[in-house]
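Laboratory data are not the source of any read-out in this text; all were calculated from the coordinates shown. Quick caveat: nothing in here was measured; it's all calculated off a predicted structure. Using ideal geometry, Cβ is built from the backbone for each residue, glycine included, and neighbour counts are taken over all protein chains shown.
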Amino acid sequence: MSVNSVNNLPQSSTNDATTSFFENYYNQSATVSQNTNDAIIGYFTQVTGDATSGTILAASVIKSANAQGMNPMLLLDQFRQLPPGELGPYLTVLMNMNRVGTSLLGINLNPSSNKYAARCILA
């Protein structure tokens, strides 16, 4: 004798898109070739002087470039042409292109306040 449960809940499906998204959130497929990955990691390791930070920065650049439909190697060639000390602002803009406007990295926006209202605030 089989028992059928009768309820008003929807049938649970394991093939749901949301379930699939969260189950595969940390399982990202390779998006660039190994040679491209090694070249970008090598460049950022040389720039930062640290293998760990170079690898993390390279992964961020590759992810940002792919999200914007850019070729990571062409982006690397453009980074190599920059004068020393100019890489930081370009990386900041590149990484902020995929972020929400209220959550920008490396940009300090201090709103100006009314001088009459500011003098009434006690610190």
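Brief remarks follow.
- Listed from fewest to most Cβ neighbours within 10 Å, the set Thr19, Thr36, Thr52 follows the order Thr52, Thr19, Thr36.
- Neighbour counts of C-beta atoms inside 10 Å place Tyr25, Tyr43, Tyr90 in the sequence Tyr25, Tyr90, Tyr43, starting with the fewest.
- Calculated FRET efficiency for the pair Ser112/Leu82, C-beta based, R₀ 41 Å, to 0.05: 0.80
- Binning the alpha carbon pair distances of the range 23-96 at 5 angstrom intervals from zero yields the distribution 3, 15, 28, 29, 16, 6, 2, 1, 0, expressed in whole percent.
- Sequence of Ile62, Ile56, Ile40 once ranked by neighbouring C-beta atoms within 10 Å, starting from the fewest: Ile56, Ile62, Ile40
- Local charge for Met70 was computed over the other residues whose Cβ lies under 15 Å away, with Lys and Arg +1 and Asp and Glu -1, and equals 0.
- Label-point separation, Thr48 to Met73 (7 Å along Cα→Cβ), nm: 2.3
- The simple spin-label model puts a point 7 Å past each Cα toward its Cβ; for Asn8 and Ser20 those points are separated by 3.1 nm.
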